[in-house]
Amino acid sequence: MTLNFETGEPVVGLARQRELIEAVLGASSADESRWLEWKSWHDVSKAEGAFAVSKAILGFANRMPDVAAQWAEGHAYLLVGVEERVLHGVTAYDIEKVDAWLGRYLGGFGRYQLTYVPVDNGEGTKQVMLVDVSPPRWGDPLHTLHKEYQHFRPGTVFHRYTGRTEPARPAEIEALTERARRATTRVSVDVTLTAGTVALVAPTEGLRGRIIGHYREALMKQLDNSPAEPDSGAAGAWSSTYNLLRTLQNADHRSADTFRKEVEEYLDDLDTAVQQALVQQIRAAGSPVTLKLSNPEDQNLTKVQVVLSLPDTVSAHFTDDDGGVDWPTPPREYGTATLPIGAGVLTRTAYPGPHAFPPPRPDSPSIEQEEGCTVIRFSPVHLRPHETLTLAPVTLHSTQEADTGTITGQWQATATNLGGRVQRSLPLPTQRLELAPPVLFGLEE
């Protein structure tokens with residue numbers, strides 16, 4: 001058996017905590033790893049139980065940040081009261097008391113959260129202890145045992161290996177010493193503007209509203225022009241088996257409400273496509289913004305991520321030179337039957353043709369609205385010493401004038417193998433664009 005659990009995100013919330021416990025119930029002992037450990041039973045009010053839990057916490061805390069980042073965004077989890085195929089449960093103590101019992105062995109280390117998760121597998125509700133150990137960081141010291149237990153002396157450094165927690169070997173001690181040394185080594189990169197401007201354009205809501213309104217009116221007219229349904233009481237129309245089959249073949253089994261719903265869903269997709277078409281006009285007439293990322297140091301940088309924050313008056317779109325406008329497929333004309341299998345494909349109408357909405361490219365930036373800002377997260381990249389890379393271009397536009405001729409954003413950069421972050425302002429020039437009235441679907445400005 002293997003652990004059936006998605007490890008890409010931290011375990012947050014009761015539902016996901018229970019999912020992890022259920023995954024452990026269906027796993028095997030070989031599935032314990034560098035980020036997950038489980039124990040059938042421990043009483044943390046006793047020295048044996050408090051030491052066992054503390055040992056696991058210290059082992060997770062003494063991992064390397066780049067290794068830990070492979071699972072659950074660096075978090076690690078200890079479950080007590082569950083093992084493969086058996087839900088034991090534990091005694092739920094007051095959290096403050098548990099922290100005090102563990103603190104005898106952990107000293108001042110407190111970068112963990114402890115909770116009890118109620119689980120019922122058909123034999124009554126039982127409490128499972130879940131300890132979430134925060135991701136290790138560059139610059140963290142070595143975390144040591146603070147109270148002697150059996151043959152483990154104070155100062156022992158535990159390390160989490162695959163499936164087990166043991167005293168650290170010399171190689172791990174050296175790596176953890178390097179982790180601590182990097183407290184004085186911070187990421188140092190620079191982000192500069194290579195080319196591009198923020199396009200200043202007139203608002204497009206009115207134009208888009210007219211386009212959508214035009215199509216809504218045209219599509220809804222089909223309800224008025226649809227043929228009347230056959231009179232079920234007219235014996236003559238149904239007397240012939242042949243006529244009955246012809247009627248069923250040509251019938252549209254959608255109700256008027258179903259058709260209206262299809263129209264509104266189509267118009268939502270159409271509005272998205274119209275926005276995409278306008279952005280492509282802006283991209284063609286203007287100049288997408290291209291940023292350059294540079295590493296001036298002699299050290300390799302891994303997974304450097306640049307995040308650019310702009311005022312929320314600026315709209316951002318990934319510039320994909322290979323992409324066209326993804327026009328949605330309109331609803332089938334109301335009152336017409338679905339073509340039988342093998343009869344061919346629907347003839348294209350005067351409406352925009354069918355295209356699937358493609359998934360985003362793997363290297364495309366993430367663009368979101370957060371707390372009054374437009375936030376662009378570029379895909380992480382590796383940088384060799386003194387290397388310069390060009391980030392994916394983005395199309396930026398705004399409907400508000402900039403008094404100074406520039407719009408100022410803020411960028412920040414982090415790396416997974418060094419601590420700290422770089423954060424600086426980035427002025428972007430603006431460019432007024434007078435777009436030609438778009439001739440879309442026979443409509444003009």
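The values are calculated or read from the model by the stated rules, or taken from the named source; none is laboratory data. Predicted, not measured: the structure shown is a model, and the values here were computed from it. Cβ: placed from backbone, ideal geometry, glycine included. Neighbour counts: every protein chain shown. Protein only, heavy atoms only, side chains kept; ligands, DNA and RNA dropped before computing areas. Shrake-Rupley method; radii C 1.70, N 1.55, O 1.52, S 1.80 Å.
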Selection count where residues are in a helix (DSSP H, G or I) and of a type in the set (Asp, Glu), scope the stretch 1-37: 3
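Among the residues of the stretch 113-120, is there at least one that is farther than 16 Å from Phe51 by Cβ, open to solvent by less than 30 Å² (accessible area, probe 1.4 Å) and not in a loop (DSSP other than H, G, I, E, B)?
Looking through the stretch 113-120, at least one residue is farther than 16 Å from Phe51 by Cβ, open to solvent by less than 30 Å² (accessible area, probe 1.4 Å) and not in a loop (DSSP other than H, G, I, E, B).
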Any chance Ile212 is at negative phi, open to solvent by less than 50 Å² (accessible area, probe 1.4 Å) and among the β-branched types (Val, Ile, Thr): yes
Gly59 vs. criteria at positive phi and in contact with a strand residue (DSSP E or B) (Cβ under 6 Å, 6 or more places away or on another chain): no
The stretch 201-220, subset under 32 Å from the mean Cα position of the chain (by Cα) and of a type in the set (D, E, K, R), residue farthest from Asp257 (Cα to Cα): Glu205
Boolean, Val133 is surrounded by 14 or more Cβ atoms within 10 Å (Cβ to Cβ), under 31 Å from the mean Cα position of the chain (by Cα) and β-branched (Val, Ile, Thr): yes
Subset of the stretch 394-417 (residues that are open to solvent by 40 Å² or more (accessible area, probe 1.4 Å), in a loop (DSSP other than H, G, I, E, B) and either of a type in the set (Asp, Glu) or within 21 Å of Pro429 (Cβ to Cβ) (or both)): Thr399, Gln400, Glu401, Asp403, Thr404
Residue match in the stretch 342-365 (condition: surrounded by 11 or more Cβ atoms within 10 Å (Cβ to Cβ), in a strand (DSSP E or B) and modelled with pLDDT of 90 or more): no
Residues satisfying the stated conditions in the stretch 280-312, i.e. open to solvent by less than 20 Å² (accessible area, probe 1.4 Å) and either without any contact (Cβ under 8 Å) to a residue 40 or more places away in the chain or β-branched (Val, Ile, Thr) (or both): Ile282, Val289, Val304, Val306, Val307
Pairs, first over 15 Å from Ala61 (Cβ atoms) in the stretch 154-168, second in a strand (DSSP E or B), C-beta under 9 Å, six or more apart: Gly163/Glu37; Arg164/Glu37
Options Gly335, Gly323; residue that is assigned to a loop (DSSP other than H, G, I, E, B), modelled with pLDDT under 85, on the phi > 0 side of the Ramachandran plot and touching a helix residue (DSSP H, G or I) at 6+ places or on another chain (Cβ under 9 Å): Gly335
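To keep it simple, each residue is scored yes or no on (1) over 26 Å from the mean Cα position of the chain (by Cα); (2) among the aromatic types (Phe, Trp, Tyr).
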residue: Ala72; (1), (2): no, no
residue: His75; (1), (2): no, no
residue: Val80; (1), (2): yes, no
residue: Val86; (1), (2): yes, no
residue: Thr91; (1), (2): yes, no
residue: Ile95; (1), (2): yes, no
residue: Val98; (1), (2): yes, no
residue: Trp101; (1), (2): yes, yes
residue: Leu106; (1), (2): yes, no
Matching residues, the stretch 141-164, being touching a Lys or Arg at 6+ places or on another chain (Cβ under 6 Å) and crowded, with 20+ Cβ neighbours inside 10 Å: Phe158, Arg160
Qualifying residue in the stretch 127-139 (condition: assigned to a strand (DSSP E or B) and without any contact (Cβ under 8 Å) to a residue 60 or more places away in the chain): yes
Restricting the stretch 56-86 to residues that are farther than 18 Å from Met129 by Cα and acidic (Asp, Glu), the residue that is surrounded by the most Cβ atoms within 10 Å (Cβ to Cβ): Asp66
Residues of the stretch 373-391 classified as part of a strand (DSSP E or B) and either under 16 Å from Glu297 (Cα atoms) or in contact with a His (Cβ under 7 Å, 6 or more places away or on another chain) (or both), total: 5
